[in-house]
1. Pulled fully out, how much extra length does the chain show between T106 and D60, if you take 0.36 nm times their separation in residues and subtract their Cα-Cα distance?
2. Run the reach check for K43 against lysines, Cα to Cα strictly under 21 Å, same-chain hits fewer than 8 apart removed. What comes back?
3. Compare the peptides 48-59, 95-106 by average per-residue count of other Cβ atoms within 10 angstrom and give them in order, highest first.
4. Mind checking the per residue accessible area of region 73-118 for me, 1.4 Å probe, whole number of Å²?
5. Net charge within 13 Å of A52 by Cβ-Cβ distance, Lys/Arg positive one each and Asp/Glu negative one each, not counting A52 itself?
6. First measure r as the distance between the Cβ atoms of S68 and A118, then evaluate 1/(1 + (r/R0)^6) with R0 = 22 Å and state the FRET efficiency to the nearest 0.05.
7. So if we plug the beta-carbon distance of D98 and K43 into 1/(1 + (r/R0)^6) with R0 = 25 Å, what FRET efficiency do we get, rounded to 0.05?
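The values are calculated or read from the model by the stated rules, or taken from the named source; none is laboratory data. Source: prediction; values computed, not measured. Note: ideal-geometry Cβ built from the backbone for every residue, glycine included; neighbour counts use all protein chains shown. All accessible areas refer to the heavy atoms of the entire protein, side chains included, with ligands and DNA or RNA removed. Shrake-Rupley method; radii C 1.70, N 1.55, O 1.52, S 1.80 Å.
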Amino acid sequence: MFGRLASTHLRLLLARQPPAPPAAAQTAARRWSSSAAPADLDKEIEAITELATVAKDEMDFALESRNSVYYNDDKQAAHEAVDQMTAAYSSLLARLSDADKRALQTRIGIKIKEIQSA
């Protein structure tokens, strides 16, 4: 009985269509004025945000491993993650118009600076 119920529930979950993006996300995508497609910019911003999350996690791991044999490796991994995030962010900024740079800095710039300064 339970197996059939779980199987039915799984089929219903798999058949569900993903929800449409909210209107706010569509509006945010339209505000970019550079030559790149807004969807591409949003993907790059998402990738940079993911790199920022990884960098923050690596920094947390390094702090937790302080005074252990893993500290040096964790510290190196944190530096590399921050460098990757910074390179991706700088690369995107270099390709944007001034208005788009300001919008990007407003959107994720504070998070990037906090991670860089930690």
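1. Gain on stretching T106 to D60: 14.1 nm.
2. Those lysines meeting the cut-off are K56, K101, K111, K113.
3. 48-59, 95-106
4. Value for region 73-118: 61 Å² per residue.
5. Here the charged neighbours net out to -4.
6. The pair S68/A118 has a calculated efficiency of 0.65.
7. Efficiency computed from Cβ-Cβ geometry: 0.70.
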